[in-house]
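Visitor: One structure, pasted below without further comment.
The values are calculated or read from the model by the stated rules, or taken from the named source; none is laboratory data. Note that the coordinates shown come from a computational prediction; the quantities given were computed from them, not determined experimentally. A quick note on method: Cβ atoms are made from the backbone with ideal geometry, for glycine too, and the neighbour counts reach across all protein chains shown. Each accessible area value is taken on the protein alone, full model and side chains, heavy atoms only, with ligands, DNA and RNA left out. Shrake-Rupley method; radii C 1.70, N 1.55, O 1.52, S 1.80 Å.
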Amino acid sequence: MQNYKIILTFAPKLKVNMNYLRHLATKYPITTTLIIIIWILCLIPAFPETPLDDIDLIDKWTHIAMYAGTFGIMWIEYLRKNDTYNRKKMLWLGIVAPILMGGLIEILQANCTGGRRSGEWLDFFADAIGVIISAIFGILLVWYHAKARTDS
């Protein structure tokens with residue numbers, strides 16, 4: 001009986017969270033698609049060797065580019081859909097959540113891919129660098145957008 005009560009109290013919260021995720025997916029369709037691609041690329045078995053493997057730290061550069069590009073686009077989508085800038089929302093959606101996502105992916109790579117992928121701290125730091133680059137870009141866009149609105 002106790003488990004039934006726990007499920008009943010948890011179910012409405014889950015529904016609210018799922019509605020919010022659906023809202024985010026429809027409000028940020030390009031970002032959502034790119035996030036799904038990141039998850040797929042990071043969790044599929046390792047790729048075959050390529051000539052690019054000879055470049056030092058190519059994997060880290062790839063992580064920086066994936067996260068900077070994806071979350072840079074998220075900042076653009078945010079500005080296109082909103083007239084005002086919500087600092088708290090963008091702190092969580094534009095910085096904290098992507099860094100946590102990068103950490104979660106690295107943990108899953110280390111523990112759930114059967115040794116085919118290895119989670120690395122340097123990949124996590126590269127993800128965080130990409131997010132910070134996109135946040136700097138996004139904050140500059142917000143500043144420019146606000147300045148353009150006050151000038152007109």
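Visitor: Given springs between every Cα pair under 10 Å in a Gaussian network model of the chain, which of Met74, Met90, Met18 has the largest fluctuation?
Guide: Evaluated over the chain, the most mobile residue of the options is Met18.
Visitor: If Lys147, Lys27 are ordered by their accessible area, calculated over protein heavy atoms with a 1.4 Å probe, which sequence runs from highest to lowest?
Guide: So the residues, ranked largest to smallest area, are Lys147, Lys27.
Visitor: From the backbone phi of segment 75-88, what are the Karplus-calculated ³J(HN,Hα) couplings (6.51 cos²θ - 1.76 cosθ + 1.60, θ = phi - 60°) in whole Hz, Gly and Pro given as x?
Guide: Per-residue couplings from phi come out as 4, 5, 4, 4, 5, 5, 9, 10, 8, 10, 9, 9, 4, 5 Hz.
Visitor: Next question, about the same structure. Taking a probe of 1.4 angstrom, what is the accessible area of Leu43 in Å², to the nearest 10?
Guide: 60 Å²
Visitor: Enumerate the calculated ³J(HN,Hα) couplings along segment 28-38 in order (Karplus 6.51 cos²θ - 1.76 cosθ + 1.60, θ = phi - 60°), each rounded to whole Hz, writing x wherever the residue is Gly or Pro.
Guide: 10, x, 5, 4, 4, 4, 5, 5, 4, 4, 4
Visitor: Mind sorting out which of (1) 17.5; (2) 19.9; (3) 15.4 is the real Kirkwood radius over Cα pairs in Å computed from the coordinates?
Guide: (1)
Visitor: As an exercise, use a Förster radius of 22 Å and the Cβ-Cβ distance of Met18 and Trp92 to find the FRET efficiency, rounded to the nearest 0.05.
Guide: The pair Met18/Trp92 has a calculated efficiency of 0.80.
Visitor: Which order do Cys42, Cys112 take by accessible area at a 1.4 Å probe, largest first?
Guide: The most accessible residue leads, giving Cys112, Cys42.
Visitor: Okay, moving on. Spin-label point model (7 Å from Cα, Cβ direction): what's the Tyr144 to Thr33 distance in nm?
Guide: Taking the two extended label points, one gets 2.3 nm.
Visitor: Grab the other residues whose beta carbon is less than 15 angstrom from that of Ile30, score K and R as +1, D and E as -1, and report the net.
Guide: +2
Visitor: Continuing with the same structure: Once every DSSP H run of n ≥ 4 in the chain is given -39500 (n - 2.57) and the sum is divided by its residues, what mean residue ellipticity at 222 nm do you get, rounded to the nearest 500 deg cm²/dmol?
Guide: After summing the helix terms and dividing by residue count, I get -26500 deg cm²/dmol.
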